[in-house]
Amino acid sequence: MSIYVVLSRSSTVLSRTIRLATRDEYTHAALALDADLELMFSFGRRRPSNPFVGCFKRERLDDELYRGMERLPGVVIEVPVTPRQRDAVGARVAEFLLDSHTYAYNAPGLVTGLLGRGSEDDRRFFCSEFVYHVLRDAGVCDLGVPRWKVRPQTLLDVPGTVVYRGDLKRYRAADLDTAPIPALTLQGAGGLFATSRAGVSLAL
């Protein structure tokens, strides 16, 4: 039984700036509940043209932001979890879905974190903050650092296996040697999310 941490590096100005400041290979993080990455969530741009107005959102590798990019370097990390931990992850994601209007992208925290002066806000998250918050609260891992210090690159230390490294635009779960994923249903944002290894259905 697994969940997936997805790290990537886009060609946007913000991504290039973060990489220049940190020398990190990856500048964005998302949490996926299925190997196909159909149920993948993070905090990111509300509109592709504005990097500082963001929100909690379901992400897709064919989002408008990525369509014009020739490549999207990244890794997919398979993180083993117990049934209880997986249920806890699903419950926490559902909480974000149900209250998505109350959460905001933590642009100030992104900047202060890079300067080493971050703090935690229960209603504001940047991408890697969100991923680590869910994993830690669900008892999946504890990296021994405050949430605001966790950059996408830090999540390479999450206990798991890199099952894919390369251009995420070429990623296909069918090519991976992964075990079947049991069905999971989330209630959130006015609808049901259901996933299985055979496919994913979404009703919003």
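Residues of the range 26-62 that are more than 21 Å from ASN106 (Cα to Cα) and loosely packed, with under 15 Cβ neighbours inside 10 Å: ASP62 alone. Checking each residue in the range 127-142 for being farther than 20 Å from SER10 by Cα and of a type outside the set (A, V, I, L, M, F, W, C) picks out TYR132, HIS133, ARG136, ASP137, GLY139, ASP142.
How many residues does the range 64-115 contain that are among the acidic types (Asp, Glu), within 27 Å of VAL162 (Cα to Cα) and surrounded by fewer than 15 Cβ atoms within 10 Å (Cβ to Cβ)?
Result for the range 64-115: 3.
Within the range 168-187, the set of residues being buried (at least 18 other Cβ atoms within 10 Å of the Cβ) and modelled with pLDDT of 70 or more comprises LEU168, TYR171, ALA173. If only one of ARG136, ARG165 is surrounded by fewer than 23 Cβ atoms within 10 Å (Cβ to Cβ) and over 17 Å from ALA88 (Cα atoms), which one is it? Every option except ARG165 fails the conditions.
The values are calculated or read from the model by the stated rules, or taken from the named source; none is laboratory data. No experiment lies behind these values; they were computed from the predicted model shown. Positions of Cβ are generated from backbone atoms using ideal geometry, with glycine treated the same way; all protein chains shown enter the neighbour counts.
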